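The values are calculated or read from the model by the stated rules, or taken from the named source; none is laboratory data. In this text, all values refer to a predicted model and were calculated from it rather than measured experimentally. When we count neighbours, we look across all protein chains shown, and the Cβ atoms used for this are built from the backbone with ideal geometry, even at glycine. These accessible areas exclude ligands, DNA and RNA; they are computed on the full protein's heavy atoms, side chains included. Shrake-Rupley method; radii C 1.70, N 1.55, O 1.52, S 1.80 Å.
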Amino acid sequence: MSGWVKIAGLGPGNEALVTPEVTAALAEATDVVGYIPYVARIAEHPGLTLHASDNRVEIDRSQHALQMAAEGKRVVVVSSGDPGVFAMAAAVFEALENGPREWRDLPVEVLPGITAMLAASARAGAPLGHDFCTINLSDNLKPWPLIEKRLRLAAQADFAMAFYNPRSKSRPEGFVKTLEILREECEPERLILFARAVSRADEAIRISTLVEATPDMADMQTVVIVGSSLTRVIERAGDPIVYTPRFTPE
């Protein structure tokens, strides 16, 4: 087959953070498939067709990409950040597993990108410098009791934690509950970082503590990073540095 699918991460927003590998794939593509705001980031050129679709149609989008590749087209499926982190890579493989048998012979490749979580961590310093976990706080695809269980166990294990999709307009109560759970499991002065629109012109970084944090500090463009019990701040003349040491006491 001459067609292929490449599932590409566009990074957190700044074009300087798109990898050369992804840029090369986009230059070869005949078609780009993705969520509307991510496809809008792709420069149009002759021979390239853009297929933008709304949110929550990931499987339809994936099936469309695989079918076009089966017809000989070179298709890039775009995600923000990294396509393997709460993004399109898993959706494409789900469609591949459940689709026509011939799709499995297609060349399919995942091209990594810089996640919002890692970009936010880098802006602040190194809050993910030791063991950490990442939790998607959206309950669209999993029940809230499972999210709560994972939050409690991660806090009890003293992981630093990065949260995606913390607070939407349709379900603002989820992040209220998240803060309540963290306050039950962690000390009041636990550091919490709110990183909104990282690497974009409207970037905003706020360092707080659990006792001071309020639900309205987060929205769907915010990555929230909660430190471990060892995470600390280095105060200085410029922006403070947040980091988690590489070691834990005996």
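So here's what we get for this one:
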| read-out | value |
| --- | --- |
| Residue 214-residue 52 pseudo-label distance in nm [points 7 Å out on the Cα-to-Cβ vector] | 3.4 nm |
| Proximal lysine pairs, the chain, alpha carbons under 23 Å, eight or more residues apart or interchain | 5 |
| Efficiency of FRET from Cβ geometry, residue 30 and residue 233, R₀ 45 Å, rounded to 0.05 | 0.35 |
| Cα centroid separation - segment 19-46 against segment 62-102, whole Å | 14 Å |
| Relative frequency of Cα-Cα separations exceeding 13 Å in segment 98-158, percent | 76 percent |
| Accessible surface, the chain, averaged per residue in Å² (probe 1.4 Å) | 50 Å² |
| Zero-based 10 Å bins, Cα pair distances in segment 102-250, whole percents | 11, 40, 33, 12, 4, 1, 0 |
| R0 of 25 Å, Cβ-Cβ distance residue 39-residue 169: FRET efficiency to nearest 0.05 | 0.65 |
| Cα convex hull of the chain, projected area averaged across orientations, nm² | 15.1 nm² |
